[in-house]
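Encoded as structure tokens, the structure appears first; notes follow it.
The values are calculated or read from the model by the stated rules, or taken from the named source; none is laboratory data. In this text the structure is predicted, and so the values were computed from the model without any measurement. FYI the Cβ positions are ideal-geometry reconstructions off the backbone, even for glycines, and counts take in every protein chain you see. Surface accessibility is based on the protein's heavy atoms, side chains included, excluding ligands, DNA and RNA. Shrake-Rupley method; radii C 1.70, N 1.55, O 1.52, S 1.80 Å.
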Amino acid sequence: MTADPAFRADVLAGFRMRPRAIPARWFYDHQGSLLFEKITALPEYYPTRVETALLAAAAPDIAEAVGPGRAVVEFGSGSSVKTPHILGAVRPAAYVPIDISGEFLRESAAALASGFPRLSILPVEADFMLPIEPPPAIAALPKLGFFPGSTIGNMVPRTAVNLLRAMAETLGEGAMLLIGIDRVKDVGTLIAAYDDAAGVTARFNLNLLHRINRELDADIPVDGFVHRARWNDDEARIEMHLEAVRDLSFTIAGETFGMAAGETIHTENSHKYGPREARLLLRAGGWSPIREWTDADDQFALILAES
Ligand code: AVI
């Protein structure tokens, strides 16, 4: 398999720097995407369950606040459980899923088409971190952006603000945005969600090393690493790391690296936001929050904002 040059560059740069770090977006090869799907069904991983229930319960309110005749633009591939709730409630004029993976886009568009046979589905294969020209067919329609899953939490706040601004540009005048944001909560619940008893999140994290071995001609001894999930209170985020359990030496694309026992590779941030911080983040990104829905335990928030 020919490796993605950006993956190769990020991995080599990530192993050369201190502390070592690799961007979380590289988790999602085919195997990683399957493992993430498993994570969303774990008893400890509350975000998917709570957000889906919230969407179902708030759907009539959301439809009323959003009004008729909008095109729904979803950032990231449509999840099979969440998207139908929003499409069923809002009854949009068109649905535009945006994703960097054409394979995922085609799969999710096909799955939705059978449930919404009369809906015009216009997939766009693109990196949604940058402003995108929407398909001409929806140019004149007001838009509702949909960004569930607290994916915004995987970005450091500065990147999150840039993304929110890019979304405002993509969606144009009079747009609204419905975004899912995970809340700060007790550390025990958070750690359990990112270090589950069945070890699925550990496999998800370690799969990054398997992927490097598979795609970058590397010989990392994966059994020399363990999964770690930590709460960073200063940054209000869960961090995932891969920690070397013994002194290690390996090569990646012809370059030799050494790691001492206890050294880690930082592989993911998952920022959590309190109610005020979430609203501040949206405002910094050019959006004014207008409605908010949370579950009874205030675990997760769905926020509707206008540009
Ligand atoms: C995709 N993203 C919102 C997940 C999260 O909760 O930060 C990724 C994840 N990493 C470990 N478990 C789930």
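As an exercise, find the ratio Rg/Rh for the chain from alpha-carbon atoms, using the Kirkwood inverse-distance average for Rh.
Details: Rg = 19.9 Å, Rh = 20.3 Å.
With Rh from the inverse mean 1/r over Cα pairs, Rg/Rh is 0.98.
Nearest 5 percent is fine: what portion of the DSSP beta bridges confined to the chain is antiparallel?
On the way: 34 of 54 bridges.
Here the share of antiparallel DSSP bridges comes out near 65 percent.
For the range 76-147, what percent of Cα pairs sit more than 18 Å apart?
Value for the range 76-147 (Cα pairs over 18 Å): 34 percent.
Quick one: which of 196-205, 264-273, 59-68 comes out on top by average Cβ neighbours within 10 Å, and what's the full order, highest first? Mind dumping the intermediate values first?
Values: 196-205: 18.3, 264-273: 21.3, 59-68: 14.7.
Highest to lowest by the protection proxy: 264-273, 196-205, 59-68.
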What percentages make up the Cα-Cα pair-distance distribution of the range 148-256 when the bins are 5 Å wide from 0? 2, 10, 14, 17, 14, 13, 13, 9, 4, 2, 1, 0
Measuring from centroid to centroid over Cα atoms, what is the spacing of the range 233-283 and the range 153-218 in Å? 12
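As an exercise, find the ratio Rg/Rh for the range 100-180 from alpha-carbon atoms, using the Kirkwood inverse-distance average for Rh.
0.97
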Spatial extent of the range 1-58: Rg and Dmax, with the Cα atoms as the point set, Å: 16.3, 48
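Test of understanding: what is the full-extension gain from residue 248 to residue 297, defined as 0.36 nm times their sequence separation minus their Cα-Cα distance?
Numbers: separation 49, 0.36 × 49 = 17.64 nm, distance 4.40 nm.
Length difference between fully extended and current span is 13.2 nm.
Dipole magnitude of the chain about its Cα centre, charges +1 at Lys/Arg Cβ and -1 at Asp/Glu Cβ only, in debye to the nearest 20?
Values: 29 positive and 40 negative charges, 92 e Å.
Charge dipole of the chain: 440 debye, to the nearest 20.
Can you show me the helix-derived [θ] at 222 nm for the chain, built from DSSP H runs with n ≥ 4 at -39,500 (n - 2.57) apiece and divided by the number of residues, rounded to the nearest 500.
-12000 deg cm²/dmol
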What length, rounded to one decimal in nm, is gained on full extension from residue 213 through to residue 31, with 0.36 nm per residue of separation minus their alpha-carbon distance? 64.2 nm
Excluding ligands and nucleic acids, what accessible area in Å² is computed for residue 217 using a 1.4 Å probe, to the nearest 10? 130
Work out, in µm²/s and without decimals, the Stokes-Einstein translational diffusion coefficient of the range 1-122 at 25 °C, 0.890 mPa s, Rh from Kirkwood over C-alpha pairs. 146
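How would the range 260-300 be classified by its alpha-carbon gyration tensor: rounded, prolate or oblate, with rounded meaning a/c under 1.5 and the a/b versus b/c comparison settling the rest?
Details: a/c = 4.84, a/b = 2.01, b/c = 2.40.
It comes out oblate by the Cα gyration axes.
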Pair residue 17, residue 3: separation of 7 Å Cα→Cβ label points (nm): 1.7
How big is the charge dipole of the range 77-177 about its Cα centre, in debye rounded to the nearest 20, if each Lys and Arg gets +1 on its Cβ and each Asp and Glu gets -1 on its Cβ? 340
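Tell me, what is the FRET efficiency for residue 111 and residue 260 to the nearest 0.05, using R0 = 41 angstrom and their Cβ-Cβ distance as r? The partial results should precede the final answer.
Working: r = 47 Å, r/R0 = 1.14.
Once the sixth-power term is evaluated, E becomes 0.30.
Give me the accessible area per residue for the range 10-82, probe 1.4 Å, as a whole number in Å².
Working: 3170 Å² over 73 residues.
Computed with neighbouring chains in place, this is 43 Å² per residue.
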Given 0.36 nm per residue, what is the gain on full extension from residue 120 to residue 140 after removing their alpha carbon distance, in nm? 5.7 nm
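What's the magnitude of the charge dipole for the range 192-289 around its Cα centre, counting Lys and Arg as +1 and Asp and Glu as -1 at the beta-carbon? Answer in Debye, nearest 20.
For the range 192-289, the charge dipole is close to 560 debye.
On the protein heavy atoms, probe 1.4 angstrom, tell me the percent of accessible surface of the chain carried by carbon and sulfur.
Working: 7320 of 13710 Å².
Reported share for carbon and sulfur atoms: 53 percent.
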Spacing of the two label points (7 Å from each Cα toward its C-beta) at residue 277 and residue 133, in nm: 3.9
Mean Cβ neighbour count within 10 Å, used as a protection proxy, ranking 92-99, 116-123, 253-260 highest first: 92-99, 116-123, 253-260
Projected label distance in nm at residue 56 and residue 156, using a 7 Å step from Cα toward the beta-carbon: 3.9
